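Here is the structure we will look at.
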Amino acid sequence: MKKTNFHTHTYRCGHANGTEEDMVQAAIHMGIEELGISEHVPLPHYRQHLLKSLPAVRGVRSLLSLAYSLVKNGPGMRMPHKDLDSYLEAIEDCQKKYQDQIIIYKGFEAEGLEEYFDYYQSLLYEHKVDYLILGHHFHKHCIHSDYYGKDHMKKKDIYQYCNDVEKALETGLFSYLAHPDLFLIGYQEFDLDARTVSQRICEKAKALHIPLEVNAGGMRRGLRNVQGEMLYPYPNAHFWEIAGEIGNDVILGFDAHDPSDFNEGMYKQMMQFCEEHHLNVIDHFDFLQGHFEKFQGEYDIR
Ligand SMILES: [Zn+2]
Ligand SMILES: [Zn+2]
């Protein structure tokens, strides 16, 4: 099996280190043959989006994160929309410069926010990017109150996550689902509801032939004691046991936020996790181009 990775960030999002070229060089160094760069998607009219989220704000932490995002117009969560072209150009430069050493793809990790689905569709139809991955961190608004990785996730939050993810996958805009088990960071008891949500996500992905990602980002945070069990924040052993039974295709994602995140130790750790859970690991997947209705027939779909 080839070593590949389609989940890579850069300094542009404001919470990672390394240029596109730094990431490419690190990937080449550890023998990765195909690399997708997938920065947190820049969103147009982002300040408007954030202002609309004001009624959803709960608590000081959310208010502060909203104020920070408003001032910065993107970072620390995502790059500003005005940087879109320079990001794509930087990747294209790497594609040329390193063409004998590695295959490079242009992508984004995108939120499943309905208000932006037509924007995502245009990114794909205009061939700005090769693929999008669904990294669904927020319900409706990119603020902490709506964050699915927060502590103390309630039952209603995990079902909301499930509904959001199902709806997003059905658009055909997203080629794989990143850290599908993000909702379990703050919902620690793997009860009947957690099991139901996990099953629904795995079954939906399986029916649509969309791979799920075992994500190194959660592994880098290390194991933690959850009610007497040692678990990663993600990948969560209980979730992946279900994915193994359902027989989902599984892709490894370094979720690299620093060039040093590309390392052999992490690759082995991810592979070992997949073996333990009898997962069907793949090294490539189809780049889905979306079938968002209002665009059909108007563009030349590759
Ligand atoms: Zn990130
Ligand atoms: Zn993510």
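Dipole size of the chain about its Cα centre, with +1 on Lys/Arg Cβ and -1 on Asp/Glu Cβ: approximately 1060 debye, rounded to the nearest 20. With the largest listed first and rounded to whole Å, the semi-axes of the equivalent ellipsoid of region 110-187 from the Cα gyration tensor are 24, 11, 10.
DSSP finds beta bridges in the chain, and of those with both partners inside it, around 15 percent are antiparallel. Summing charges over all other residues whose Cβ lies under 13 Å from the Cβ of Ala207, with Lys and Arg as +1 and Asp and Glu as -1, gives -1. Within the accessible surface of the chain, defined with a 1.4 Å probe on protein heavy atoms only, the carbon and sulfur portion equals 50 percent. For region 59-178, evaluate the Debye formula with one uniform point scatterer on each Cα (no solvent term) and list log10 I(q)/I(0) at q = 0.12, 0.14, 0.22 Å⁻¹, rounded to two decimals. Treating every Cα as an identical point scatterer, log10 I(q)/I(0) equals -0.54, -0.71, -1.31.
Peptide packing: for 51-57, 159-165, the average count of neighbouring Cβ atoms within 10 Å per residue gives the ranking 159-165, 51-57, highest mean first. Taken over region 1-107, the percentage of Cα pairs per 10 Å bin, counting from 0 up to the bin with the maximum distance, is 14, 40, 25, 15, 6, 0.
Cα-Cα over 25 Å: which of Lys52/Lys206; Lys2/Lys106; Lys72/Lys155; Lys106/Lys150? Lys52/Lys206; Lys72/Lys155; Lys106/Lys150, as the Cα separations exceed 25 Å there. Sites listed here are GluC sites (Glu not before Pro) in region 115-200 whose DSSP assignment is loop and whose Cβ has at most 16 other Cβ atoms within 10 Å: Glu126, Glu189.
Region 170-302: percent of C-alpha pairs farther apart than 22 Å? Counting pairs separated by more than 22 Å, the tail of P(r) holds 41 percent. Add +1 for every Lys or Arg and -1 for every Asp or Glu among the other residues with Cβ under 12 Å from the Cβ of Glu92, and state the total. Cβ neighbours under 12 Å give a net charge of -2. Between Lys97 and Asp258, what length in nm is gained on full extension when 0.36 nm per residue of separation is reduced by their alpha carbon distance? Here the answer is 55.9 nm. Distances longer than 27 Å among the Cα atoms of the chain: what percent of all pairs is that? Result for the distance tail: 39 percent. Taking only the Cα atoms of region 185-257, the ratio Rg/Rh comes out at 0.97, with Rh defined as the Kirkwood radius. For a quick check, take a GNM of the chain with Cα springs below 10 Å and name the residue from His141, His15, His40 with the largest mean-square fluctuation. Judging by the Gaussian network model, the answer is His15. Dimensions of region 99-237 from C-alpha coordinates, computed as largest minus smallest value along each principal axis and given longest first, are 49, 37, 31 Å.
The mean sequence separation of alpha-carbon pairs under 8 Å and at least six residues apart, normalised by the residue count of the chain, gives a relative contact order of 21 percent. For the chain, the solvent-accessible area with a 1.4 angstrom probe is 43 square angstrom per residue.
Report the local net charge at Leu70: Lys and Arg +1, Asp and Glu -1, summed over other residues whose C-beta lies under 12 Å from its C-beta. With Lys, Arg at +1 and Asp, Glu at -1, the net is +3.
The values are calculated or read from the model by the stated rules, or taken from the named source; none is laboratory data. Remember, predicted model here, so these are calculated numbers, not experimental data. Don't worry about glycine lacking a Cβ; one is built from the backbone with ideal geometry, like all the others, and counts go over all protein chains shown. The accessibility values were calculated without ligands, DNA or RNA, using every heavy atom of the protein model including side chains. Shrake-Rupley method; radii C 1.70, N 1.55, O 1.52, S 1.80 Å.
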